[in-house]
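Structure, as structure tokens:
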Amino acid sequence: MRSWWGWGTVEDAVTDAEAADLVTRVRAVLPEHDFTDHAPPAPEDLGIAPSRVTPPASLAALCSDDVVDRAAHAHGKAFRDVVRNLLGRLDHVPDLVARPASEQDVVDVLDWCAGAGIPVIPFGGGSSVVGGVEPRFDGPAVTMDLSRLDQVLELDRTSRAARVQAGVFGPHLEDQLRPHDLTLRHFPQSFAFSTLGGWLATRAGGHFATLYTHIDDLTESLRVVTPIGVSESRRLPGSGAGPSPDRLFLGSEGTLGVITEAWVRLQDRPKWQLTASVTFQDYADAVAATRAIAQAGLYPTNCRLLDPTEAFLNAGGTGSVLILGFESADHPVAASLDRALEIAADHGGVAGERKERTWRSSFLRMPYQRDALARRSMIVETFETACTWDRFDAFHGAVMAAAQDAIKRVCGVGLVSCRFTHVYPDGPAPYYGVYAPGRWGSTVEQWDEIKAAVSEAIVGNGGTITHHHAVGRDHQPGYERQRPEVFAEALRATKAALDPAGILNPGVLLTPNGG
């Protein structure tokens, strides 16, 4: 059963014993903090107003006005979403949740809402951490949940591609590909609770730390329902025929149309897989080694660097840890791993205890542990970005300083950690974690102040406001500063052409005042 207020499923939430151990470990560092547990309220007790919208009879069977259903679609799964749910602060709740069972249903819902002037928020798994699925505006709203569109419709074994409906969750997609010995190999942390359409709409980052880093790289063609018609791009391995229609909709976050299908590039399931961990006592050496490996043409599947704080929190020990992994369906990968280890050794790295399994287990439990700590007034959240290697040292220093200064000002004490989730020949994608004591009832505002400070540091020092979390509503100010104004004008014109009634996910990518 999916949790309405927090991450994942109710069954996989932190147990009482796990929570007690978590509190014991954090209390050792923050002995004065108040760890009182604040249980989530029942949605039925929140006084959520009745739906203001009545669907036409032809669509009534697709629509739900159930209070719990609506509450579960009101927010994403960011820290600030979880805390607002715990506080019962559901200020904007969709009036209806529509679940189309076919593409024609998608067309019909959009036609109805465009005619009635009702905003529509496309919804995959609801794992957004940037306010991307929240109806953060006054007036009625319909959330369009695509989860009934969950089938692999066609498979081209020769070209190693599949036509897949956009509402399929990660595990169900892999289950349908496994009998053919194929895989998409796109495994974001949200894999179990996010959909293909959500990955496409947000340009999600996935399993591969190098080469095929984003879902873009695995996309062959898209089929998108817009308020003025259906766009379907041609299946091609590559094309130089003008601007790409797929690039128009990839990352559009439900503002230009509803992605209903995609042809995606698959891979044979890997037969050879090797991993190793390398420890560095000097973080600068670890960064230099990671850059050298990223530029060596080895393309490791995993190349994630944990700084000393991140490594200690998730795997124990001292120093920075570089987690390396190689895989192939065609050939052994020992030589590639050996070469990567040689490069690491040249920079002072020592291959030792294999910590990657410990880290992976911690990685998958992180969101559940965050929820448990959020219930106990802790601020536990992340932010991510990317920059070029030449500016990383100065960039990282500025971001860390901004985060530490904000934490000291807002919370008094706290920790900031960093890991590289993805690396490129020309730069890394740093992913920062914040751990600080908060005041119950104020942790959202405390986090927002910290987030504003680090976002300013990121954009002001030449980084991207997001590498793979998308823009949503929370990153809108930074996105407006990052994108060229000429491009913004073209995006506004595109929005006006494809969505003339302005019903699709208002406030995302383009603000109502024209931003």
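The values are calculated or read from the model by the stated rules, or taken from the named source; none is laboratory data. This structure is a prediction, so every number in the text was calculated from the model and none was measured. Backbone-built Cβ (ideal geometry, glycine too); neighbour counts: all protein chains shown. Please note that ligands, DNA and RNA were not included when accessible areas were found on the heavy atoms of the full protein model with its side chains. Shrake-Rupley method; radii C 1.70, N 1.55, O 1.52, S 1.80 Å.
Quick notes
- Flag if Pro41 is surrounded by 11 or more Cβ atoms within 10 Å (Cβ to Cβ) and farther than 11 Å from Asp95 by Cβ: yes
- Complete set of residues in the range 5-21 that are in a helix (DSSP H, G or I) and open to solvent by 40 Å² or more (accessible area, probe 1.4 Å): Asp16, Ala17, Glu18, Ala20, Asp21
- Remark: Pro31 matches the filter, which requires a residue to be over 30 Å from Arg223 (Cβ atoms), open to solvent by 50 Å² or more (accessible area, probe 1.4 Å) and either touching a helix residue (DSSP H, G or I) at 6+ places or on another chain (Cβ under 7 Å) or assigned to a loop (DSSP other than H, G, I, E, B) (or both).
- Each residue in the range 437-490 was checked for being among the polar types (S, T, N, Q) and either touching a helix residue (DSSP H, G or I) at 6+ places or on another chain (Cβ under 7 Å) or open to solvent by 70 Å² or more (accessible area, probe 1.4 Å) (or both), and 6 pass.
- Options Asp181, Asp145, Asp150; residue that is among the acidic types (Asp, Glu) and under 21 Å from Pro94 (Cα atoms): Asp145
- For the range 70-89, the set of residues classified as part of a helix (DSSP H, G or I) and in contact with a Leu (Cβ under 9 Å, 6 or more places away or on another chain) consists of Arg70, Ala71, Arg84, listed by residue number.
- Ser362, sole failed condition from (1) modelled with pLDDT under 95; (2) in contact with an Asp or Glu (Cβ under 9 Å, 6 or more places away or on another chain): (2)
- Selection status of Arg2, under 28 Å from Arg473 (Cα atoms), of a type outside the set (A, V, I, L, M, F, W, C), touching a helix residue (DSSP H, G or I) at 6+ places or on another chain (Cβ under 9 Å) and open to solvent by 50 Å² or more (accessible area, probe 1.4 Å): yes
- Meets criteria (open to solvent by 20 Å² or more (accessible area, probe 1.4 Å), of a type in the set (Ser, Thr, Tyr) and within 30 Å of Arg376 (Cβ to Cβ)) for Ser128: yes
- Look at (1) surrounded by fewer than 17 Cβ atoms within 10 Å (Cβ to Cβ); (2) at pLDDT 95 or above and you find that Thr24 fails only one, number (2).
- Every pair of residues 6+ apart whose Cβ atoms lie under 8 Å, when the first sits in the range 293-310 and is at pLDDT 95 or above while the second is part of a strand (DSSP E or B) and basic (Lys, Arg): Arg304/Arg419; Leu305/Arg419; Leu306/Arg419; Asp307/Arg419
- Flag if Ala493 is in contact (Cβ under 8 Å) with a residue 24 or more places away in the chain, open to solvent by 50 Å² or more (accessible area, probe 1.4 Å) and outside any loop (DSSP other than H, G, I, E, B): no
- Qualifying residue in the range 506-515 (condition: in contact (Cβ under 8 Å) with a residue 60 or more places away in the chain, more than 14 Å from Gly132 (Cα to Cα) and either open to solvent by less than 20 Å² (accessible area, probe 1.4 Å) or more than 20 Å from the chain's Cα centre (by Cα) (or both)): yes
- Options Ser58, Ser51: the member that is at negative phi, modelled with pLDDT of 95 or more and in contact with a strand residue (DSSP E or B) (Cβ under 9 Å, 6 or more places away or on another chain): Ser51
- In the set (1) in contact with a strand residue (DSSP E or B) (Cβ under 9 Å, 6 or more places away or on another chain); (2) part of a helix (DSSP H, G or I); (3) under 21 Å from Val29 (Cα atoms), the condition left unmet by Asp405 is number (1).
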